[in-house]
Protein chains: 2
Amino acid sequence: MKRDISIKETILRGSDFFMPSVSLDCVIFGFHENELKVLLLRMKNADTWALPGGFIYKKEDIEDAATRVLRERTGLHDIFLRQFHVFGQPSRSEKKFHSNMLRKDGIKVNKDNWILQRFITVGYYALVDFATVTPEPDPSSVACEWKDIHSIQELFMDHKHILDTALYTLRMQLNHVPIGHKLLPKKFTMPELQKLYETILDKKLDRRNFQRRILSFGFIKRLKETRKGGAHKAPYLYSFDLKKYKKALEEGLQGGW
Amino acid sequence: MKRDISIKETILRGSDFFMPSVSLDCVIFGFHENELKVLLLRMKNADTWALPGGFIYKKEDIEDAATRVLRERTGLHDIFLRQFHVFGQPSRSEKKFHSNMLRKDGIKVNKDNWILQRFITVGYYALVDFATVTPEPDPSSVACEWKDIHSIQELFMDHKHILDTALYTLRMQLNHVPIGHKLLPKKFTMPELQKLYETILDKKLDRRNFQRRILSFGFIKRLKETRKGGAHKAPYLYSFDLKKYKKALEEGLQGGW
DNA sequence: ATTCATTGCGTCGTTATGACACAATAATAC
DNA sequence: GTATTATTGTGTCATAACGACGCAATGAAT
């Protein structure tokens with residue numbers, strides 16, 4: 001698979017190797033300091049942040065294209081990835097906006113250039129371990145950073161809407177998706193796991209009832225170590241029994257939060 | 001919006017008014033005689049059944065396109081419709097297969113005709129009241145019929161996979177989707193509602209516990225009438241309190257089945 | 001009038017859930 | 001080095017929810 005094609009090349013010759021009218025965007029979730037984060041790109045020549053996205057090669061599976069984009073932005077392989085929605089309103093592709101950006105970039109395009117056509121975009125969300133990610137801007141960006149979910153007001157095009165939909169979907173699929181295993185490091189404490197659930201659900205949970213319920217599922221084992229260093233009593237570390245976790249998620253965790 | 005464009009016109013000139021490389025397919029669910037049904041088309045010149053589908057006009061919202069396809073096949077307006085997945089494997093568009101079908105149809109196309117390009121398709125599922133539907137074949141079909149979910153072995157292209165995914169999604173979203181209101185007539189009996197759940201879940205439920213749980217939600221009212229005519233004791237008729245039903249679905253019905 | 005499958009309306013014991021109490025612990029303040 | 005303090009580990013208790021099941025009422029068929 002080709003990589004690192006220049007912007008200019010992409011825009012002028014993209015129609016030779018990319019599917020027309022279809023793109024994809026990724027909402028990459030991470031968890032750090034008790035906050036749910038999303039990986040965003042700071043765009044060149046536009047005063048906004050955007051979701052990492054890309055195009056699909058003519059013979060490439062969309063899923064593979066998403067994996068490729070994820071790998072390029074995070075350096076990670078084997079990412080948990082899920083398609084959640086297609087955004088297809090005609091109004092989402094604004095020609096003027098695009099041509100302006102391209103002009104600032106010093107690229108002249110014809111009125112009928114493929115990039116100015118109407119695009120639909122396939123939304124994917126990913127769950128990654130914050131600590132192991134190396135954010136990497138793409139050729140059309142000047143920065144790639146984690147942003148707190150709550151701090152995000154406005155994004156490029158309809159990306160805020162895409163983000164909101166991703167978050168809504170994540171909440172809906174909470175009992176079928178390995179948030180704990182994918183968003184936390186291998187070893188974690190019970191309060192950390194609880195905070196993760198609280199952050200995603202945007203809701204406080206009772207500490208003791210949470211622990212009872214999580215443990216009753218049977219896919220979390222307590223280790224002999226504790227997490228020293230923090231003030232106050234040192235909490236135990238836990239890890240997932242991946243086999244049992246996977247099986248439980250297939251059926252869906254029972255009960256609501 | 002244009003309608004009833006001939007097949008030939010669509011294939012030869014389609015690229016003038018349709019989006020390239022994107023189509024949509026609809027899985028239309030109905031419920032009749034205690035069976036979950038899907039509306040299928042019998043294709044001309046191919047010995048298979050297919051899901052109703054279509055293309056998207058260049059300035060048409062995909063959602064509107066799906067509504068249009070639904071209206072054309074069922075005669076219904078105001079259909080419950082939900083996008084559930086995009087199918088984007090390159091292998092799903094098989095050029096040879098298509099050109100063969102077209103040849104039988106007496107239509108000659110260039111090798112680079114838009115219809116022979118790779119297509120991705122957006123899947124929608126719909127819930128409709130069986131009794132009020134008038135199945136209507138499209139120009140490329142010879143029949144449009146309801147088929148029992150369990151009787152479907154093989155379909156056109158990857159449509160069986162699309163159908164299976166729709167059914168899986170419906171099961172996942174069961175507690176958030178108005179299956180009762182959309183799939184049943186306005187007045188229905190408790191056994192009918194139970195059969196609906198049993199059919200979708202493919203699982204027997206206890207009659208008395210089902211009734212207790214459904215009624216505890218509070219969005220179903222018992223009417224003064226009973227359904228006479230069947231053998232044995234005449235069951236009461238019920239109907240939905242739509243306001244309460246909608247509210248309960250937004251939160252999601254609590255508990256599993 | 002009798003039969004019989006189905007419906008309406010319950011009971012009962014077990015399990016799950018929400019609310020809360022109290023002791024143990026580890027860093028920090030004194 | 002001892003006291004302080006916020007946090008963690010563990011458990012209780014009343015209530016609600018759930019699964020399994022009993023039995024009488026009904027209404028078409030015999």
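The single condition from (1) touching a Ser or Thr at 6+ places or on another chain (Cβ under 9 Å); (2) at positive phi that residue A:226 fails is (2). Checking each residue in the range A:2-25 for being part of a loop (DSSP other than H, G, I, E, B) and more than 14 Å from residue A:65 (Cβ to Cβ) picks out A:4, A:6. As a summary of the residue check, residue A:129 satisfies the conditions (1) more than 30 Å from residue A:202 (Cβ to Cβ); (2) surrounded by 15 or more Cβ atoms within 10 Å (Cβ to Cβ); (3) among the charged types (D, E, K, R) except for the one numbered (1). Just give me the residues in the range B:66-93 being of a type in the set (A, V, I, L, M) and in contact with a strand residue (DSSP E or B) (Cβ under 8 Å, 6 or more places away or on another chain), in sequence order. Within the range B:66-93, B:66, B:69, B:70, B:79, B:81, B:86 meet the criteria.
Residue count for the range B:103-115, restricted to those that are away from chain A (no Cβ under 13 Å) and either assigned to a loop (DSSP other than H, G, I, E, B) or touching a helix residue (DSSP H, G or I) at 6+ places or on another chain (Cβ under 7 Å) (or both): 9.
Taking first residues from the range A:203-226 that are over 18 Å from residue A:181 (Cα atoms) and partners that are near DNA strand C (Cβ under 10 Å from one of its atoms) and assigned to a loop (DSSP other than H, G, I, E, B), the Cβ contacts under 9 Å between residues at least 6 apart in sequence or on separate chains come to A:203/A:257; A:205/A:257; A:226/A:233; A:226/A:234; A:226/A:235.
Let's see how each residue does on (1) near DNA strand C (Cβ under 9 Å from one of its atoms); (2) farther than 19 Å from residue A:184 by Cα:
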| position | (1), (2) |
| --- | --- |
| A:214 | no, no |
| A:218 | no, no |
| A:223 | no, no |
| A:226 | yes, no |
| A:229 | yes, no |
| A:232 | yes, yes |
| A:236 | no, no |
| A:242 | no, no |
| A:251 | no, yes |
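Among the residues of the range A:84-92, some residue qualifies, meaning at least one is assigned by TED's automatic domain parsing to the domain that holds residue A:37, open to solvent by 70 Å² or more (accessible area, probe 1.4 Å) and over 30 Å from residue A:32 (Cα atoms).
Inclusion of residue B:125 among residues that are under 19 Å from the mean Cα position of the chain (by Cα) and either among the hydroxyl-bearing types (Ser, Thr, Tyr) or within 14 Å of another protein chain (Cβ to nearest Cβ) (or both) is warranted.
Being among the basic types (Lys, Arg) and either more than 16 Å from DNA strand D (Cβ to nearest atom) or touching a Pro at 6+ places or on another chain (Cβ under 7 Å) (or both) is a description that applies to residue A:247.
From the set of residues in the range B:229-257 that are on the phi > 0 side of the Ramachandran plot and within 14 Å of another protein chain (Cβ to nearest Cβ), which is modelled with the lowest pLDDT? The residue in question is B:255.
Of all residues in the range A:33-47 being at negative phi and at pLDDT below 95, which is nearest to the chain's Cα centre (by Cα)? Of everything passing the filter in the range A:33-47, A:35 is nearest to the chain's Cα centre (by Cα). All told, residue A:23 meets the bar of being in the same structural domain as residue A:145 (by TED's automatic domain parsing) and modelled with pLDDT of 95 or more. A single entry from A:214, A:200 fulfils the requirement of being hydrophobic (A, V, I, L, M, F, W, C) and farther than 19 Å from residue A:80 by Cβ: A:214. Scoring residue A:203 on the criteria (1) within 28 Å of residue A:39 (Cβ to Cβ); (2) away from chain B (no Cβ under 14 Å); (3) more than 9 Å from DNA strand D (Cβ to nearest atom); (4) of a type in the set (D, E, K, R) leaves a single failure, condition (2).
Exactly one residue out of A:102, A:167, A:155, A:116 is in contact with a strand residue (DSSP E or B) (Cβ under 7 Å, 6 or more places away or on another chain) and crowded, with 17+ Cβ neighbours inside 10 Å: that is A:155. Output the number of residues of the range A:145-182 satisfying the condition of being over 23 Å from residue B:252 (Cα atoms) and within 14 Å of chain B (Cβ to nearest Cβ). Number satisfying all stated conditions: 1.
From the list B:201, B:174, B:184, B:155, which residue is within 16 Å of DNA strand C (Cβ to nearest atom) and over 14 Å from the mean Cα position of the chain (by Cα)? That would be B:184, the only listed residue that is within 16 Å of DNA strand C (Cβ to nearest atom) and over 14 Å from the mean Cα position of the chain (by Cα).
The values are calculated or read from the model by the stated rules, or taken from the named source; none is laboratory data. As the structure is a computational prediction, the values presented were derived from the model and not from experiment. Here Cβ is always computed from backbone atoms with ideal geometry, including for glycine, and neighbour counts include all displayed protein chains. Surface accessibility is based on the protein's heavy atoms, side chains included, excluding ligands, DNA and RNA. Shrake-Rupley method; radii C 1.70, N 1.55, O 1.52, S 1.80 Å.
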